[in-house]
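Okay, so here's the structure we're looking at.
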Amino acid sequence: MSEAVKPVEELSVDEQKKLLEKFDAESRFRNFNIPWMVRLVTFFAVGLALFHLYTSFAGPLVTLKHRALHTGVILVLVFLLYPSRKKAPQNRASAIDFMLAIMALSTIAYIFIDYMGIVNRAGLPNTNDFVFSLLIVILVLEGGRRVVGMGLTILSSLFLLYAYFGPYLPRIIAHRGYSIEDITTYMYLTTEGIFGTAIGVSATYIFLFVLFGSFLNRTGLGQLFNDSALAISGHTAGGPAKVAVLSSGFLGSINGSAIANVVTTGSFTIPLMKRTGYSKNFSGAVEAAASVGGQILPPVMGATAFIMAETLGMPYKDIAIAAILPGILYYMGVITVVHLRAKKRGLKGLSREELPRIIDVLKERGHLLIPLVVLIYMLFGGFTPIYAAAWAIISTVVVAMLRRKTRLSLKGVIQALEDGTRSAVGVAMACAMVGIIVGVASLTGFGLKMTTAILVLGQDTLILTLFFTMIASIILGMGLPSIPTYIITSSMAAPALVQFGIEPFVSHMFVFYFGILANLTPPVALAAFAGAGISGGNPNRTGFISLKLAAAGVLVPYIFVYSPELLMQNASTGDIIWIAITAAIGIIALGAGLEGYLFADMAWLIRIISMASAITLVIPGTITDGIGIGLLAIVLIIQVLAKKRNKNTIEQDKIAN
């Protein structure tokens, strides 16, 4: 954090922790006061991190073994770190927790000891297979309940019941039904259930990138982003809000955790925004919208993009390149509304004397950008994401040694390894639980039934199908983390869009966007609620304002479905440049229409014309661009005349007085 600017309202570390625990179940760790328990957690956490670093260079184990080891150790950490209920001891693990942890280790041991037997018995499980299969399903459900919460646990349980009671259900979703043995062994002994694609991505890409974020956090990258944003935009109109957008966008694109980003960055930026004159609700909404957007902004885009790459069989760099323009448009939309709100209400920035100089910021911590350069170079240079992340971690440790303030001691490295593993626990549990859902869908054919249902609701009309797919993504995203939301909707809802001839990648991006934006949609908008928790605003009001700020994120997915050129699909360089220019102008027009101000206050009719101009400009095409430019010209002329009128009125008032 900048030493030049330190608002008196800033949250303490303990207050940040309490707020994070309130809105983010994954942050509710026990705080041990027994030394040997602390060392035990460190042993498993650091051991798992070193294992993944080693396999990133030496290559992973056999698929089933690799994923089982990852899941089993994560479960051990879950039962040690997370209490079973609120009233359970918060400073030590109970005997039952240790028993569950030992059971989790036994599920790993069984696969390693009898791996060849499992392979040879494929489809014909014995009693031991069934016992350990039933055990892992129960452990995953209980572990998920502790970490992720009841929403995903209930959903996973309902899918298991669906697999068993298939013959007794309504015809539209009925199936032949499966025995408990069939269901559980499918979840444990194959790579289609718990050890499916989701946990596979967690055990490779996601873990290493979370670990990379942990090392960057330890070296002080967050402070670099905050100070850089202050130096660049702190002095402009409404500067602190722009600082929030820039710093949260930078940091969010690396760590991918919206709620954690709101709490850590927002504890600094929200008090600054309030001090400048922004309302409580608007201040919390700016931070929420900016933090959520980090998950759609390259280079890392949170963890979901890696699952998309694995699911579609696409190189990650292709997804990142395609996401650049929509991600920039999203943040342009947020910045536009923030800027126009400041101009409309005469809000000033911070004085330059309060702000750090960009040259000083870069001298002090600019070297921390080198690992990001290494990561981007390797991601886009043909190396695998796993290899790129591993080298980025190593380069972080090396580069941090260049300055005393950022240097990591051996203890600091160990702490970063442990912190990274702790941060990956929630993601891994979500992936394991969603493996149950996807496994049941695969076993029973539920995904095809879901696709058919969406098509029926959509009445074979693309726009209606898009609307119902959006609603499904948002509803799921309200109660679930973004990863399971994407996996479920991409496997069950996105195929409905493919029926209309939409490319799979485009349909996956559509559900990806709305699953993430669910963090801003009341009545359950966790990122917005966290922002309101810091600002002291109304949670639902903050949520609705954050949706307004994120309007570009709502509009853009519909546009790239009809015009994939926005994702740089099958478009020439010239087309991409023109699309970028017109879309950027359209986003500014959208912000002006939403805020009701460009150069002067807008009447409702002019606001509607401005938003219509925005939509037509964002849609690629010569005709739509022409209409959009024409409508925008009308808005500009009326706004210039209104500004001139206002200026004359002010001058006349001065003369009269």
Reported set for the stretch 416-458 where residues are under 18 Å from ALA49 (Cα atoms), in contact with a Gly (Cβ under 8 Å, 6 or more places away or on another chain) and open to solvent by 10 Å² or more (accessible area, probe 1.4 Å) is SER423
If we keep only residues of the stretch 548-558 that are open to solvent by 10 Å² or more (accessible area, probe 1.4 Å) and in contact (Cβ under 8 Å) with a residue 60 or more places away in the chain, then the residue farthest from ALA322 (Cα to Cα) is LYS548
Within the stretch 84-96, restricting to residues that are touching a residue at least 12 places away in the same chain (Cβ under 8 Å) and small (Gly, Ala, Ser), the one that is least open to solvent (accessible area, probe 1.4 Å) is ALA93
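Let's see how each residue does on (1) crowded, with 21+ Cβ neighbours inside 10 Å; (2) touching a His at 6+ places or on another chain (Cβ under 9 Å); (3) outside any loop (DSSP other than H, G, I, E, B):
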| position | (1), (2), (3) |
| --- | --- |
| PHE98 | no, no, yes |
| GLY123 | no, no, no |
| ASN128 | no, no, yes |
| VAL137 | yes, no, yes |
| VAL140 | yes, no, yes |
When every residue in the stretch 355-382 that is over 26 Å from LYS242 (Cβ atoms) and in contact with a Lys or Arg (Cβ under 7 Å, 6 or more places away or on another chain) is compared, the one least open to solvent (accessible area, probe 1.4 Å) is LEU379
Exactly one of ILE259, ILE319, ILE254 is assigned to a helix (DSSP H, G or I), at pLDDT 85 or above and either among the acidic types (Asp, Glu) or under 20 Å from the mean Cα position of the chain (by Cα) (or both), and that residue is ILE319
So, first residue within 22 Å of PHE512 (Cα to Cα) in the stretch 235-257, second residue assigned to a loop (DSSP other than H, G, I, E, B) and modelled with pLDDT of 85 or more, Cβ within less than 8 Å, six or more apart or across chains; the pairs are GLY249/LEU297; GLY252/LEU297; SER253/LEU297
Over the stretch 23-43, the set of residues open to solvent by 40 Å² or more (accessible area, probe 1.4 Å), within 16 Å of ILE414 (Cβ to Cβ) and not aliphatic (A, V, I, L, M) is PRO35, ARG39, PHE43
GLY193 passes all but one of the listed conditions (1) crowded, with 17+ Cβ neighbours inside 10 Å; (2) in a helix (DSSP H, G or I); (3) at pLDDT 90 or above; the exception is number (2)
**Item:** Verdict on ASN570 being assigned to a loop (DSSP other than H, G, I, E, B), open to solvent by 10 Å² or more (accessible area, probe 1.4 Å) and without any contact (Cβ under 8 Å) to a residue 60 or more places away in the chain
**Value:** yes
ILE259: of a type in the set (Val, Ile, Thr) and surrounded by fewer than 24 Cβ atoms within 10 Å (Cβ to Cβ), yes or no?
no
task: Would you check if SER56 is over 28 Å from LEU480 (Cα atoms) and crowded, with 21+ Cβ neighbours inside 10 Å?
output: yes
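Have a look at VAL119, VAL148, VAL140 and point out the one that is within 16 Å of ILE436 (Cβ to Cβ) and at pLDDT below 95. Give the derivation first.
Working: VAL119 fails: within 16 Å of ILE436 (Cβ to Cβ); VAL140 fails: at pLDDT below 95.
Result of the check over VAL119, VAL148, VAL140: VAL148.
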ask   = surrounded by fewer than 19 Cβ atoms within 10 Å (Cβ to Cβ) and either free of Cβ contacts under 8 Å to residues at least 60 places away in the same chain or within 27 Å of ALA198 (Cα to Cα) (or both): does that describe PRO523?
value = yes
Expected output for the stretch 125-142 (first residue touching a residue at least 40 places away in the same chain (Cβ under 8 Å), partner among the basic types (Lys, Arg) and part of a loop (DSSP other than H, G, I, E, B), Cβ below 9 Å, 6+ apart or cross-chain) is ASP129/ARG121
Quick count over the stretch 58-83, residues being hydroxyl-bearing (Ser, Thr, Tyr) and either within 17 Å of MET37 (Cα to Cα) or free of Cβ contacts under 8 Å to residues at least 40 places away in the same chain (or both), is 1
Practice item. Determine if the stretch 144-163 includes at least one residue that is more than 22 Å from the chain's Cα centre (by Cα), outside any helix (DSSP H, G or I) and within 23 Å of THR304 (Cβ to Cβ). Key: no
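Listed here are the residues, each with its yes/no results for (1) more than 26 Å from GLY366 (Cβ to Cβ); (2) open to solvent by less than 10 Å² (accessible area, probe 1.4 Å).
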{"position": "THR204", "(1), (2)": "yes, no"}
{"position": "SER228", "(1), (2)": "no, no"}
{"position": "GLY234", "(1), (2)": "no, yes"}
{"position": "GLY238", "(1), (2)": "yes, yes"}
{"position": "GLY249", "(1), (2)": "no, yes"}
With criteria (1) closer than 21 Å to ASP114 by Cβ; (2) open to solvent by 50 Å² or more (accessible area, probe 1.4 Å), LEU75 comes up short on (2)
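The values are calculated or read from the model by the stated rules, or taken from the named source; none is laboratory data. These figures come from a predicted structure and were not determined experimentally. With ideal geometry, Cβ positions are generated from the backbone for all residues, glycine too; neighbour counts draw on all protein chains shown. With ligands, DNA and RNA removed, areas are computed over all heavy atoms of the protein, side chains included. Shrake-Rupley method; radii C 1.70, N 1.55, O 1.52, S 1.80 Å.
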